[in-house]
1. Taking H as built 1.01 Å from N, whose amide H comes closer than 5 Å to the amide H of Q250, not counting residues under 5 places away?
2. Could you please put D92, D170, D7 in sequence from largest to smallest accessible area, using a 1.4 Å probe?
3. Output wanted: per-residue J couplings in Hz (rounded whole) for the range 121-126, from phi through Karplus 6.51 cos²θ - 1.76 cosθ + 1.60, θ = phi - 60°, x for Gly and Pro.
4. Quick one: if the Förster radius is 25 Å, what FRET efficiency do A52 and L244 give, using the C-beta to C-beta distance and rounding to 0.05?
5. Gain in length, K141 to I234, computed as 0.36 nm per residue apart minus the alpha-carbon separation, to one decimal in nm?
6. Quick one: of the DSSP bridges fully inside the chain, what percent are antiparallel, nearest 5?
7. Counting only protein chains, not ligands or nucleic acids, how are K90, K148, K141, K238 ordered by accessible area (probe 1.4 Å), most first?
8. In the structure displayed, which of K211/K269; K3/K185; K178/K211; K53/K98; K41/K148; K141/K269 lie more than 23 Å apart, Cα to Cα?
Amino acid sequence: MEKVLRDGFIYMSQNKTLNSLAKKYGLRFGASRFVAGEDFKTSVPTIRELNAKGLSVTVDHLGEFITTVEEATENRDEIIRAIEIMAEEKLDAYMSLKLTSLGFDISDELIEDNMRQILTAAQAVGVFVAIDMEDEPRCEKTLELFKKLKTDFEGLGTVIQSYLYRSEDDINHLAPLKPNLRIVKGAYKEPATVAFPEKEDVDHNYLKLVKLHLANGNYASIATHDDHMIDAIIEHVKLNDIPLDQFEFQMLYGIRVERQLELVRQGYKVRVYVPYGRDWYGYFMRRLAERPANVAFVLKGMVKK
Ligand code: FAD
C-alpha cells in the first residue's frame, strides 16, 4: 500500500496540469506545514523564528516546470531579490535553487548566465548558494556547471544523492574543489540502471558517502531525517575527532522538528530547508510520497479549508 501511495504522489508531483492548477489556486491542502509562503517577504518571520531557536536556514525558491525565458528571468530576479533581503535583514540563511527553474531545459547559455548573475549578487552580500540536485538525466550537466562556476564563485555548493551508483565517483572527482556538498538519499523515481533499487543499499551508500566526503577533509551537509543515519554519523564524528565546524545536519521545514531542536541542544549545527514560492505543488507531493503518513495531516487540512 505504501509503495502504491508513494508512486502515486511521485506521479502527481510530475503532472504539469495539476501543477499549474495549484499555482493558480495558491498554497492549500495543508501545504503550509511544509512551505513557508508564496513569496520571500512573507517567509521572513518564519526564518526569524527558526533562527531564534538556534536553527540556521536554507531558503529554497520553489520553481519547476518552466518553459519560457521570461519565467526563467522572473525566477532569477526573484532569487536575487530574496538574497538581498536575506542580507539586509541579517538572517542566518542561504539560498538553495533548482536549475530547472532558471532555464536548464531551455538553453545552456541561459542557465549559465542566470547562475552567474545570481552568484555575483550573492557574492556581493556574502550569501552562500546551493544547487539542488534534480533527476538523474540532469545530474551530469548539473555537476559540470557546478564545477565551472565553483572556480569563479567560492560560496557555491551542490547536492549528491546516495541512491545513484555514480555518486561515490562524483564525490572523489569534486573533492579537489573543496566543496560544501549536501548529501541526501534522493527524492526522484529512478530506474535500477542508474540507482540502487533497495532502500538498504541506499542507506548503506549514504553513510559511506558522508564518511568519504568527511575523510576527504571537506564540509558535509548531512541532509536526512533518518535517526539511523544521524546516530551513525554522530558516532563516526566522535570516534574520528571530526570537528563540529566540518559538518552540519539539515532537515526540511516542518519535518522532525523535535529532533532538529535536540541536535541544536547537543551542540550540533542544524540547518532547516525552508521552501517558499508559488511553485509549491511538486515539492509538496514529493514530501507526501516520502511519508504517506503525512496524508492524514493533509486530509485534515483539506477539511478545514
Ligand atoms: P527516509 O529514508 O525517507 O526515511 C527514514 C526515516 O526517517 C523514516 O523511517 C522516518 O523515521 C524518518 N522520516 C523520513 N521522512 C520523514 C517525514 N517526512 N516525517 C517524519 N519522519 C520522517 N533530494 C534530492 O533528490 N535533491 C535535493 O537537492 C534534495 N535536497 C534536500 C535537502 C534537505 C535539507 C533534505 C532534508 C532533503 C533533501 N532531499 C533532496 C530529499 C532527500 O533526497 C530524501 O528524499 C528525503 O530527505 C527523505 O530521506 P531521509 O534520509 O530523510 O529518510
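The values are calculated or read from the model by the stated rules, or taken from the named source; none is laboratory data. Since we're looking at a predicted model, the values are computed, not measured. Glycine gets a Cβ as well: all are built from the backbone with ideal geometry, and neighbour counts include every protein chain shown. Quick note on the areas: whole protein, heavy atoms, side chains included, nothing else; ligands and nucleic acids left out. Shrake-Rupley method; radii C 1.70, N 1.55, O 1.52, S 1.80 Å.
1. I222, A223, T224, R271
2. The ranking, largest first, comes out as D92, D7, D170.
3. Once rounded to whole Hz, the list reads 5, 5, 4, 4, 10, x.
4. Given R0 = 25 Å and the Cβ-Cβ separation, E is 0.75.
5. Separation in residues times 0.36 nm, less the Cα-Cα distance, equals 30.2 nm.
6. 5
7. The residues order as K90, K238, K148, K141, largest area first.
8. Over 23 Å apart, Cα to Cα: K53/K98; K41/K148; K141/K269.
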